[in-house]
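What follows is a single structure, written as structure tokens, with notes after it.
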Amino acid sequence: MDFLQLAKQRYSVRSYQSRAVEGEKLSQILEAGRVAPTAANCQPQRILAVRSPEGLAKLSRAANLYDAPLALLVCADLSQAWTRPYDGWQSADTDAAIVTDHMMLEAAALGLGTVWVCYFDPERVRAAFDLPPQLAPRNILAVGYAADEPQPSDRHTAMRKPLAETVSFETV
């Protein structure tokens, strides 16, 4: 399957089977995150793989995980992220997003479903997992086997804006 076909096939899964994600598949997903590009190769991502019932219960108090059997909490180590010298912008959030996206797409390639969760209480997450001050929780990727029917891959024709509305060439 080529990349565009994979990207169109992927959808946000909000209903999961109770079946656990195999260790080998989890390793491949985490490897996809490891090799994701980050600004100046600083690699500020810190990923907490949560799969025990106790850990998932703690995380569920801060975010809706849709009963996924695995959640990847993607944090940004603010002490390790690259900072642009011109204006002080820090790459931590962008780096965390790229890492999350790589893991999401690898999960799809492995036949797993995901939903990217940003609607969560970061302070509740920080307290639940005793995160040090420099680690900022940025994304949660719920992962597992979908319990629902896949979305049709041609849905993008109706659901996405045409390129002409989002792309311009050399002028805005």
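Of note:
- The mean of 1/r over all pairs of different alpha-carbon atoms in segment 104-172, once inverted, gives a Kirkwood hydrodynamic radius of 15.8 Å.
- Most positive-pole-ward Cα, Leu26, Leu6, Leu131, against dipole of the chain from beta carbon charges: Leu131
- A full extension of the chain between Tyr145 and Phe169 corresponds to an added length of 4.6 nm, given 0.36 nm per residue minus the alpha carbon distance.
- Listed residues Asn139, Asn64, Asn41, most fluctuating in the chain (Gaussian network, C-alpha, under 10 Å): Asn41
- Segment 27-80 and segment 119-172: distance between their alpha carbon centers, rounded to Å: 13 Å
- Long-range Cα-Cα pairs in segment 6-109 (distance over 25 Å), rounded percent: 26 percent
- Paramagnetic label zone (point 7 Å from Cα along Cα-to-C-beta, Ser153; backbone N under 18 Å) in segment 108-137: 108-114
- Spin-label pair Arg34/Ala7, simplified geometry with 7 Å Cα→Cβ offset, distance in nm: 2.6 nm
- Those GluC sites (Glu not before Pro) in segment 97-172 that DSSP places in a loop and that have at most 12 other beta carbons within 10 Å: Glu170
- Of the trypsin sites (Lys or Arg not before Pro) found in segment 14-49, those in coil by DSSP whose Cβ has at most 16 other Cβ atoms within 10 Å are Arg14, Arg19.
- Accessible area in the full protein assembly, largest first, 1.4 Å probe, for Thr166, Thr100: Thr166, Thr100
- Placing +1 on the Cβ of every Lys and Arg and -1 on the Cβ of every Asp and Glu, with nothing else charged, gives segment 15-172 a dipole about its Cα centre of roughly 240 debye.
- The apolar share of the surface of the chain, taken as the fraction of accessible area on carbon and sulfur atoms (1.4 Å probe, ligands and nucleic acids excluded), comes to 53 percent.
- Value of Rg to Rh for segment 28-172 (Rh from inverse mean 1/r over Cα pairs, i.e. Kirkwood): 1.02
- Charge context of Ala63, other residues only, Cβ under 14 angstrom, K/R +1, D/E -1: +3
- Per residue, the convex hull spanned by the alpha carbons of segment 76-130 comes to 118 Å³.
- Of all lysines in the structure, those lying under 19 Å Cα to Cα from Lys8, and not within fewer than 8 positions of it along the same chain, are Lys161.
- Think of a 1.4 Å ball rolled over the protein heavy atoms: the chain then has 59 Å² of accessible area per residue.
- Size descriptors for segment 1-60: radius of gyration and Dmax over Cα atoms are 14.7, 39 Å.
The values are calculated or read from the model by the stated rules, or taken from the named source; none is laboratory data. Quick caveat: nothing in here was measured; it's all calculated off a predicted structure. Cβ sites come from the backbone with ideal geometry, for glycine too, and all protein chains shown count toward neighbours. Note: accessible area is taken over every heavy atom of the protein model, side chains too, but ligands, DNA and RNA are not part of it. Shrake-Rupley method; radii C 1.70, N 1.55, O 1.52, S 1.80 Å.
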